[in-house]
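Participant: Attaching a single structure in structure tokens format; questions to follow.
The values are calculated or read from the model by the stated rules, or taken from the named source; none is laboratory data. This one's a predicted model, so the numbers in the text were calculated from it and none came from an experiment. Don't worry about glycine lacking a Cβ; one is built from the backbone with ideal geometry, like all the others, and counts go over all protein chains shown. Keep in mind that these areas ignore ligands, DNA and RNA; they rest on the heavy atoms of the full protein, side chains included. Shrake-Rupley method; radii C 1.70, N 1.55, O 1.52, S 1.80 Å.
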Amino acid sequence: MRKDIITDHAKISWILDQCQILHLGLANEHGSYVVPVHYGYQEGPDGQYTLYIHGTGDGEKAAALNEGKVIGFESDHGHENLIYTPPRPGDFGPSFMSVIGSGVPRQLTAPQEKLFALRTIIHHYVNTIPVALSADSVKGVPTWAIKVKRITGRVHHPTKEWSVALGLPLEERHGKHYQNGAVITDDFDYSEIDNGETPDATSGASLKDKGSSN
């Protein structure tokens, strides 16, 4: 197993709390495909995770879920703090966190089960539900519970805030810091590499290359 794979449930739950969209890995006769959905989750006292989702009841997603076969899922967050650290051309690294796993979906039919699931989904995005929900008001909303069989997390280049929250070592990263595709600061010590090999922020070519007449 990779060294940066997270199996601790407290850390996995923290990552799930930060993420906003769950991607379901489904399949039918046409092949495999991915569907993004809103979600909520619960971890039981025995450490069993359950993911809750909703949708329409007449599409390909519903048909795949109602087969009750094992499906895959993924969620991620961040994709910020993009830094290029010279001199390796491929050393671009954004900060992100993710959770992946698999589970078995089951469509909920009991009114109280559906009510709990939909309240859990809404509470994932807001602290206070803005409208009153009752079992009768949600009876027409197709809702599924995914009983998780396997789940792991990963954090790549954690920011200071993430490191503190997750108890991870703080990475000291230096180089060209990007925001919205543009360099906003450069704190790399270029004396560590050969003079003249400093990359140009606009073209990506080294200054030595740009100055060459050949």
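Participant: Quick check: at a probe of 1.4 Å, how many percent of the accessible area of segment 39-187 sits on carbon and sulfur atoms?
Facilitator: Here carbon and sulfur together make up 54 percent of the probe-accessible area.
Participant: Compute a Gaussian network model of the chain, connecting alpha carbons closer than 10 Å, and tell me which residue from Asn28, Asn66, Asn81 fluctuates the most.
Facilitator: Asn28
Participant: Could you state the accessible area per residue of the chain in Å², with a 1.4 Å probe and every protein chain left in place?
Facilitator: On the way: 12470 Å² over 214 residues.
So the chain comes to 58 Å² accessible per residue, rounded to a whole number.
Participant: Just to verify a number: what accessible area does His38 come out at with the full protein assembly present, 1.4 Å probe, Å² rounded to tens?
Facilitator: Accessible area, nearest 10 Å²: 100 Å².
Participant: If you don't mind, there's one more thing I want to ask. Can you list residues from other chains, or at least 5 along the same chain, whose modelled amide H is less than 5 Å from the amide H of Thr143?
Facilitator: For Thr143, whose amide H was placed from the backbone, the distant partners under 5 Å are Leu108.
Participant: Gaussian network model of the chain, Cα springs within a sub-10 Å range: biggest mean-square fluctuation belongs to which of Asp58, Asp187, Asp46?
Facilitator: Asp46
Participant: On to the next question. Between the DSSP loop rule and a limit of at most 12 other Cβ atoms within 10 Å, which trypsin sites (Lys or Arg not before Pro) in segment 82-157 are left? If you can, show how the numbers build up before the last one.
Facilitator: On the way: sites: Arg106, Lys114, Arg119, Lys139, Lys147, Lys149, Arg150, Arg154; in loops: Lys139.
Passing sites in segment 82-157 are Lys139.
Participant: Taking 24 Å as the cut-off for C-alpha to C-alpha distance, list the pairs among Lys61/Lys149; Lys61/Lys147; Lys3/Lys61; Lys61/Lys114 that go past it.
Facilitator: Details: Lys61/Lys149 20 Å; Lys61/Lys147 17 Å; Lys3/Lys61 34 Å; Lys61/Lys114 18 Å.
Listed pairs above 24 Å: Lys3/Lys61.
Participant: Where the Cα atoms of the chain are projected onto their three principal axes, how long is each span, largest first, in whole Å?
Facilitator: Each principal axis gives a Cα extent; for the chain these are 74, 41, 38 Å.
Participant: Shifting gears a bit: Only loop residues by DSSP count here, and only those with at most 16 other Cβ atoms within 10 Å; note down the GluC sites (Glu not before Pro) in segment 88-182 that meet that.
Facilitator: Details: sites: Glu113, Glu161, Glu171, Glu172; in loops: Glu171, Glu172.
Answer in residue order: Glu171, Glu172.
Participant: Which chymotrypsin sites (Phe, Trp or Tyr not before Pro) from segment 106-164 combine a DSSP loop assignment with at most 11 other Cβ atoms within 10 Å?
Facilitator: Working: sites: Phe116, Tyr125, Trp144, Trp162; in loops: Tyr125.
In loop regions of segment 106-164 (DSSP not H, G, I, E or B), the sparsely surrounded chymotrypsin sites (Phe, Trp or Tyr not before Pro) are Tyr125.
Participant: Further question: Taking θ as phi - 60°, what are the ³J(HN,Hα) couplings along segment 76-84 by the Karplus curve (6.51, -1.76, 1.60), each to the nearest whole Hz, with x for Gly and Pro?
Facilitator: My calculation for segment 76-84 gives 8, 7, x, 6, 10, 6, 6, 10, 9 Hz in order.
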